[in-house]
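What follows is a set of notes on a single structure, which appears directly below.
Values in this text are rule-based calculations from the coordinates and carry no lab data. The structure displayed is predicted, hence computed values, not measured ones. Reconstructed Cβ throughout: ideal geometry from the backbone, glycine too, with neighbour counts over all protein chains shown.
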Amino acid sequence: VLARLHILEGLLVAYLNIDEVIEIIRYEDKPKDELMRRFGLSADQAEAILELKLRHLAKLEEMKIRGEQDELSAERDELQAILGSEDRLRELIKNELEQDAETFGDDRRSPIVERQEARAFSETDLVSNDPVTIVLSEKGWVRAAKGHDIDPVGLNYKAGDRFALAARGRNNQQAIFLDSTGRAYALMAHSLPSARGQGEPLTGRINPPSGATFSGLVTGKPEHKVLLATDAGYGFVTALDSLISKNRAGKAVVTVPKGARILPPVMVPETRSTLYIAAVSNEGRMLVFPLSELPELGKGKGNKMLSIPAARAQNREELVVALAVFGEEDQLEIRAGKRKLGLRFGDLEHYLGERGRRGHKLPRGLQRVDAIDVIPSAARAQEEENADSE
């Protein structure tokens, strides 16, 4: 609008001085420059005058220019008033939108769908979730075998080395290693060397403290829970996510009491039933108590699970040798040498008690416990299989 008004002002100058303008155009070598000098015109105005056709020099054309100039001046004043008032600008936009809706609106043919905010792909999004078995040897060599039907003990090991730890998980999950000082280290399962070879030293990827050995290996979804404990009888529950660190030096998770050692981590089953912990000492005492009595922490020493006198624990005269987390529908199998004892939940009433008690002696011949195995019920086994395949 302003540009057009500027041109119209120049054309009016031409009409008011038409004879002089014609003379300049006819006789001057550079009429544009002369017009600008003589009448104080801009380059655009002078160019517009030179572009006029003879038929536009009529008196009627001057009237049209004045009429257009008046209209544009009014439009300019209106636009400036709108731009100078936020309320008027909002009202104009509102009216135009309503007018457009009335003119062009119809029944929407494509649905409006609300979607999640776009995000960049992470490394795990591009990795398959194939089942894998992570294997760690006593000398700290790690590898990953495809599938869950692998016998880690039967794999080929270097001379003087043998099987130590194994965990079954998925290719796109973190493998978490726990050392004897209570530090946790995480590596992506798909980044580990294949079990077709003998693996590679774990210390090539992480930096544990000097003299530390590896005490545990777990893998699973970040929200999965795990029981962390020491053989002094203390423990707590935590999510795998709280054990993950990108630092090669790992992160401190378990506070290990003087003279104690870390026990292998125990995964907490994903089940709707009430869960219990069975803790057994080298004295053959077993205590069973609800898992809910143990705190869920990010790190620390935890709470006392099985009562062991501090002096005996420090001297390693009495300590926890086996732990298990199970549901009421599961069965426990206690292994002591070549002997085994299967116990259903109804058989455990004698050993049930509050957290932190001494527990009760197991039957003779079964007091030197090597391990406690949990035999899940058929229903829970199916639940875990379905969850694992997701």
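What FRET efficiency do you get for residue 63 and residue 23 if R0 is 30 Å and r is their Cβ-Cβ distance, rounded to the nearest 0.05? Mind dumping the intermediate values first?
Working: r = 24 Å, r/R0 = 0.80.
Approximately 0.80, to the nearest 0.05.
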*asked:* Straight-line reach from residue 158: which lysines fall under 19 Å, measuring Cα to Cα and dropping same-chain residues less than 8 apart?
replied: 139
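What value, in deg cm²/dmol to 500, does the helix sum -39500 (n - 2.57) over DSSP H runs of n ≥ 4 give at 222 nm once divided by the residues of the chain? Mind dumping the intermediate values first?
Numbers: 8 runs with 103 residues, N = 390.
Mean residue ellipticity at 222 nm (helix-derived): -8500 deg cm²/dmol.
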*asked:* Based on alpha-carbon centroids, what's the gap between the range 1-40 and the range 97-119 in Å, whole number please?
replied: 52
*Given the Cα atoms of the range 284-375, and with Rh set as the inverse mean 1/r over their pairs in the Kirkwood sense, what is Rg to Rh to two decimals?*
0.96
_Just to be sure I understand: with springs between alpha-carbon atoms less than 10 Å apart, which residue in 100, 151, 130 has the highest mean-square fluctuation in the Gaussian network model of the chain?_
100
*asked:* I need the semi-axes of the equivalent ellipsoid of the range 245-307: take the C-alpha gyration tensor, multiply each eigenvalue by 5, square-root it, list largest first in whole angstrom.
replied: 23, 18, 11
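Mind putting a number on the dipole of the chain about its Cα centre? Charges go on the C-beta only, +1 for Lys and Arg and -1 for Asp and Glu, and I need it in Debye to the nearest 20. Walk me through the numbers before you get to the answer.
Working: 55 positive and 62 negative charges, 885 e Å.
I would put it at about 4260 debye.
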_I want to verify a result. In a Gaussian network model of the chain, Cα cutoff 10 Å, which of these has the top mean-square fluctuation: 11, 291, 362?_
11
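Per Stokes-Einstein, at 10 °C and 1.306 mPa s, what whole-number D in µm² s⁻¹ belongs to the range 126-220, with the Kirkwood radius over Cα pairs as the hydrodynamic radius?
Taking Rh from Cα pairs, D becomes 121 µm²/s.
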*Among 202, 337, 84, which residue has its Cα positioned farthest towards the positive end of the charge dipole of the chain, with +1 placed on the Cβ of Lys and Arg, -1 on the Cβ of Asp and Glu, and the dipole taken about the Cα centre?*
337
*Where the centroid of each part is defined by its Cα atoms, how far is the range 232-247 from the range 67-87 in Å?*
71
*Given the options 128, 281, 73, state which has the largest fluctuation in a GNM of the chain using a 10 Å cut-off (strictly under) for Cα springs.*
73
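Using Stokes-Einstein with the Kirkwood hydrodynamic radius over Cα pairs, what translational diffusion coefficient do you get for the range 1-43 at 37 °C and a viscosity of 0.692 mPa s, in µm²/s rounded to a whole number? Let's see the in-between values first.
Numbers: Rh = 10.7 Å.
Reported coefficient: 306 µm²/s.
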_Could you work out the relative contact order of the range 103-177? I mean the mean sequence separation of Cα pairs under 8 Å and 6+ apart, divided by the number of residues, in percent._
34
*In the chain, with Lys and Arg counted as +1 and Asp and Glu as -1 at Cβ, which of these residues, 319, 235, 222, has the Cα nearest the positive end of the dipole, that is, farthest along it?*
319
_Model label zone, residue 270; criterion: amide N under 19 Å from point 7 Å along Cα-to-beta-carbon; scope the range 227-243_ = 227-228, 237-243
_Taking loop as defined by DSSP and a crowding limit of 11 other beta carbons within 10 Å, which trypsin sites (Lys or Arg not before Pro) in the range 266-312 fit?_
272
*asked:* Take residue 51 and residue 92, extend 7 Å from each Cα along the Cα→Cβ direction, and tell me the distance between the two endpoints in nm.
replied: 2.6
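I'm a student and want to see the number: the projected area of the Cα convex hull of the range 13-162, averaged over all directions, in nm². Before the final figure, lay out the partial values.
Details: hull surface 107.8 nm².
Averaged projected area of the range 13-162's Cα convex hull equals 27.0 nm².
So between residue 106 and residue 161, what do we pick up on full extension, going 0.36 nm a residue minus the alpha carbon distance? If you can, show how the numbers build up before the last one.
On the way: separation 55, 0.36 × 55 = 19.80 nm, distance 7.64 nm.
Additional length available on full extension: 12.2 nm.
Would you kindly state how much longer the chain becomes between residue 311 and residue 85 on full extension, computed as 0.36 nm times their sequence separation minus their alpha carbon distance, in nm to one decimal? Walk me through the numbers before you get to the answer.
Values: separation 226, 0.36 × 226 = 81.36 nm, distance 8.34 nm.
That pair, residue 311 and residue 85, stretches by 73.0 nm at full extension.
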*Potential extension, residue 130-residue 349 segment - 0.36 nm per residue separation minus Cα distance*: 74.7 nm
_Compactness relative to 2.2 N^0.38 Å, alpha carbon Rg of the chain_ = 1.99
*How many angstrom lie between the C-alpha centres of the range 353-369 and the range 138-204?*
33
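At R0 = 35 Å, how high is the FRET efficiency between residue 119 and residue 71 if r is their beta carbon distance? Nearest 0.05 is fine.
Numbers: r = 53 Å, r/R0 = 1.53.
About 0.05, to the nearest 0.05.
If you wrap the range 222-390's Cα atoms in a convex hull and average its projection over all directions, what's the area in nm²?
Numbers: hull surface 42.4 nm².
Answer in nm², one decimal: 10.6.
Around residue 257, with a cut-off of 15 angstrom between Cβ atoms, what is the net charge of the other residues, counting Lys and Arg +1 and Asp and Glu -1?
Details: positive: 258, 261, 299, 301, 304, 312, 316; negative: 231, 317, 318.
Net local charge, residue 257 excluded: +4.
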*Where in the range 275-322 are there GluC sites (Glu not before Pro) that are in a DSSP coil and have at most 16 other Cβ atoms within 10 angstrom of their Cβ?*
317
*Near residue 221, which lysines are there with a Cα under 21 Å away, not counting those fewer than 8 places off in the same chain?*
146, 246, 251, 299
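Using Cα pairs closer than 8 Å and at least 6 residues apart in sequence, work out the relative contact order for the chain, in percent.
Once divided by the residue count of the chain, the mean separation gives 10 percent.
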